[in-house]
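> Here you go, one structure.
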Amino acid sequence: KGKVWDNADEAVKDIQSGSLLLSAGFGLCGTAETIIEAMQRRPELKDLTGCSNNAGDGVYGLAPLVKSGQIKKMILSYVGTNKNLQNAYLAGQVALELSPQGTIAERLRAAAAGMPGFFTRTGAGTLVETGGIPQLFSKKEEGKKQEVLVPGVRKDVQEFDGKRYLFEPALHGDVGILRAWKADKAGNCVFRYTTRAFAGLVARASKLTIVEAENIVEIGEIKPMDIDLPGIYVDRIVPATVEKKIELLTVRDESEPEDQGAQSDSSASSTSTTASQKSAAYERRVKIAKRAARELKDGYYCNLGVGMPVMAANYLAPGTNVWLQSENGILGMGPYPTKDQVDADVINAGKETVTLVPGASVFDSSESFGMIRGGHIDVSILGAMEVSQNGDLANFMIPGKLVKGMGGAMDLVSNPDQTKIIVVTDHVDKYGKSKIKAQCDLPLTGVRVISRIITDLAVFDVDREKGGLTLVELADGVTLEEVKEKTACDFKVAPTL
């Protein structure tokens, strides 16, 4: 019959209930929507375990299979804005295994390479190590306390060169689904831009790989040097008939210069706040972003988190050029596109449409997180829910309330000796409580990883070795007494302040 099938319905007919389904894509970029719809048309297909970076936006991606109850468990790094999945998890209706983004990528790569797993510093000292994030709760019932039915998986730990490493097992899929820009009849595939993220990894780690292709061509029409995925990893090819999706269409006005308005702070656009509150919040964020921009030196390779961190790129000093890395597979990320520049296959880590600068490169998630964990990034700037006086960071969940997921954050802070970790945050939360504490109360993203904290009131340096903060700058109009009053731990004051 060959590898080319007439349609997705035929290609998914023999997928078995209980299968481990690996799904490529980042956000909705590169997801196999045609195949997912075909699987949804098989209601008898149940008890699936889905593995993807995230489970869609609540409407597309793997979301339909979660909503239909066909997926009973998700292995993913980021729940994000998918409130349906978050609420289903908290209500005990679906199981979640939260795993760092780079760890998922490497577990897939290990499976494809015939390796049992690998050791990583990502997640060391956090609930990922101890198995402290429950996978499944009992069903939520009025007047009854929920119980943990399936706890998280405790990791084996070993020390190398005096540092803790977690063992992460390979992740073998029964079925892998992905979308390609072009595939020939031998199964060779070409991926466009950031659709590379998990596509090749999923294909290589699966027993049965089904590709939906936007263009199916004859053997020989794809030049050998243009092939991203050799046909040996592909079993079935179907035409992609569902239009590709854009999760967050983000554009800039054509009148804006390319170096202005490059990235925005989406967290300042909540409809639940008044205009004056939004304005004040935005001004604080701009203030913090401008200070953070001074940390980015000419020629640096930088990873800037979504929201406030990425705003720093708007305020670089004249003559300063940096290379922005986005963990979904870009080195050389540019500003938001104009309307006529929008490309659904070019998105950033926040799932927003972006552009690429001259000299940019694109790659898969294994390459991206090797770049990150290997310490090749000069500076990483992240947001925070809480930070501690010893450099601990908490920014991915509030137990029982908010399950955002760690995404790539745990990987980004996993090598703080080589990559300088800077946190930008409001000094206090919306209730006036300090976000800088002696110890974090929320689950940790990283232990002793932060080197500098920048808030709307001050700048602190962190002694990651001995512990403790040193106040090195005060914002304009801010007094030392105010900082002391609003900081929930002791700190030293730099003699030069």
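> Quick check on G319: is it open to solvent by less than 20 Å² (accessible area, probe 1.4 Å) and at pLDDT below 95?
No.
> What's the total number of residues in segment 138-157 that are in contact with a strand residue (DSSP E or B) (Cβ under 6 Å, 6 or more places away or on another chain) and in contact (Cβ under 8 Å) with a residue 40 or more places away in the chain?
4
> Considering only segment 275-284, I want to know if a residue exists there that is in a loop (DSSP other than H, G, I, E, B), open to solvent by 20 Å² or more (accessible area, probe 1.4 Å) and more than 23 Å from A197 (Cα to Cα).
Within segment 275-284, not a single residue is in a loop (DSSP other than H, G, I, E, B), open to solvent by 20 Å² or more (accessible area, probe 1.4 Å) and more than 23 Å from A197 (Cα to Cα).
> Something else now. Look at segment 326-368 and say how many of its residues are closer than 20 Å to E106 by Cβ and not hydroxyl-bearing (S, T, Y).
Total meeting the criteria: 10.
> Every residue in segment 468-497 that is charged (D, E, K, R) and closer than 16 Å to E386 by Cα, please.
The answer is K486, D490.
> Somewhere in segment 56-63, is a residue in contact with a Phe, Trp or Tyr (Cβ under 8 Å, 6 or more places away or on another chain), farther than 28 Å from I219 by Cβ and at pLDDT 95 or above?
So far as segment 56-63 goes, no, none of its residues is in contact with a Phe, Trp or Tyr (Cβ under 8 Å, 6 or more places away or on another chain), farther than 28 Å from I219 by Cβ and at pLDDT 95 or above.
> Given the condition more than 25 Å from M74 (Cα to Cα), among the β-branched types (V, I, T) and in contact with a Pro (Cβ under 6 Å, 6 or more places away or on another chain), answer yes or no: does some residue in segment 386-395 qualify?
No; the residues of segment 386-395 include none that is more than 25 Å from M74 (Cα to Cα), among the β-branched types (V, I, T) and in contact with a Pro (Cβ under 6 Å, 6 or more places away or on another chain).
> How many residues, within segment 23-43, are hydrophobic (A, V, I, L, M, F, W, C) and either over 24 Å from the mean Cα position of the chain (by Cα) or outside any loop (DSSP other than H, G, I, E, B) (or both)?
Residues in segment 23-43 being hydrophobic (A, V, I, L, M, F, W, C) and either over 24 Å from the mean Cα position of the chain (by Cα) or outside any loop (DSSP other than H, G, I, E, B) (or both): 6 in total.
> Let me ask something additional. Which residue is farthest from H376 (Cα to Cα), if the candidates are limited to segment 334-343 and must be open to solvent by 20 Å² or more (accessible area, probe 1.4 Å) and either under 19 Å from the mean Cα position of the chain (by Cα) or of a type in the set (D, E) (or both)?
D340
> A follow-up question, please. Taking segment 195-238 as the region of interest, how many residues are in a strand (DSSP E or B) and either open to solvent by less than 50 Å² (accessible area, probe 1.4 Å) or closer than 25 Å to A105 by Cβ (or both)?
Residues in segment 195-238 being in a strand (DSSP E or B) and either open to solvent by less than 50 Å² (accessible area, probe 1.4 Å) or closer than 25 Å to A105 by Cβ (or both): 14 in total.
> Please state which of the following conditions N82 fails to meet, knowing it meets all the rest: (1) under 24 Å from G200 (Cβ atoms); (2) modelled with pLDDT under 95.
So N82 meets the others, but not (1).
> Do we have R179 as outside any strand (DSSP E or B), among the charged types (D, E, K, R), open to solvent by 10 Å² or more (accessible area, probe 1.4 Å) and assigned by the TED database to the domain that holds K223 here?
no
The rows are residues; the columns are (1) open to solvent by 10 Å² or more (accessible area, probe 1.4 Å); (2) over 30 Å from T445 (Cβ atoms); (3) aliphatic (A, V, I, L, M); (4) part of a loop (DSSP other than H, G, I, E, B).
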residue	(1), (2), (3), (4)
L21	no, no, yes, no
A55	no, no, yes, yes
Y60	yes, no, no, yes
E106	yes, no, no, no
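> Now for a different question. Run K244 past the list (1) open to solvent by 60 Å² or more (accessible area, probe 1.4 Å); (2) under 29 Å from the mean Cα position of the chain (by Cα); (3) assigned by the TED database to the domain that holds V12 and report the number of the one that doesn't hold.
Tallying (1) open to solvent by 60 Å² or more (accessible area, probe 1.4 Å); (2) under 29 Å from the mean Cα position of the chain (by Cα); (3) assigned by the TED database to the domain that holds V12, K244 fails exactly one: (3).
> Output the qualifying pairs, or none if there are none: Cβ atoms under 7 angstrom, residues six or more apart or on different chains, first residue in segment 59-73 and under 26 Å from L248 (Cα atoms), second residue acidic (D, E) and crowded, with 20+ Cβ neighbours inside 10 Å.
From residues that are under 26 Å from L248 (Cα atoms), the pairs are Y60/E33; A63/D57.
> Here's something else I'd like to know. Can you tell which of T103, T130, T126 is over 24 Å from G27 (Cβ atoms) and under 20 Å from the mean Cα position of the chain (by Cα)?
Among T103, T130, T126, only T126 is over 24 Å from G27 (Cβ atoms) and under 20 Å from the mean Cα position of the chain (by Cα).
> Another question, then. Mind checking which residues of segment 287-308 are open to solvent by less than 70 Å² (accessible area, probe 1.4 Å), modelled with pLDDT of 95 or more and assigned to a helix (DSSP H, G or I)?
Once the filter is applied, which keeps residues that are open to solvent by less than 70 Å² (accessible area, probe 1.4 Å), modelled with pLDDT of 95 or more and assigned to a helix (DSSP H, G or I), segment 287-308 yields I288, A289, R291, A292, A293.
> Continuing with the same structure: Return only the number of the condition from (1) open to solvent by 20 Å² or more (accessible area, probe 1.4 Å); (2) polar (S, T, N, Q); (3) part of a loop (DSSP other than H, G, I, E, B) that S361 does not satisfy.
Among (1) open to solvent by 20 Å² or more (accessible area, probe 1.4 Å); (2) polar (S, T, N, Q); (3) part of a loop (DSSP other than H, G, I, E, B), the lone unmet condition for S361 is (3).
> Looking at V483, V449, V423 in this structure, which one is assigned to a helix (DSSP H, G or I), open to solvent by less than 20 Å² (accessible area, probe 1.4 Å), out of contact with any helix residue (DSSP H, G or I) (no Cβ under 7 Å at 6 or more places or on another chain) and without any contact (Cβ under 8 Å) to a residue 60 or more places away in the chain?
Result of the check over V483, V449, V423: V483.
> Could I ask something else about it? Which members of segment 350-366 meet the condition of being more than 16 Å from the chain's Cα centre (by Cα) and not aliphatic (A, V, I, L, M)?
Hits for segment 350-366 are T355, P358, G359, S361.
> Counting just the residues of segment 384-403 that are in contact with a strand residue (DSSP E or B) (Cβ under 6 Å, 6 or more places away or on another chain) and under 19 Å from R285 (Cβ atoms), which one comes out most open to solvent (accessible area, probe 1.4 Å)?
Only one residue fits best here, namely M385.
The values are calculated or read from the model by the stated rules, or taken from the named source; none is laboratory data. Predicted model, so just to flag it, every value in this text is computed and none were measured. Ideal geometry is used to build each Cβ from the backbone, glycine not excepted, and the neighbour counts take in all protein chains shown. Protein only, heavy atoms only, side chains kept; ligands, DNA and RNA dropped before computing areas. Shrake-Rupley method; radii C 1.70, N 1.55, O 1.52, S 1.80 Å.
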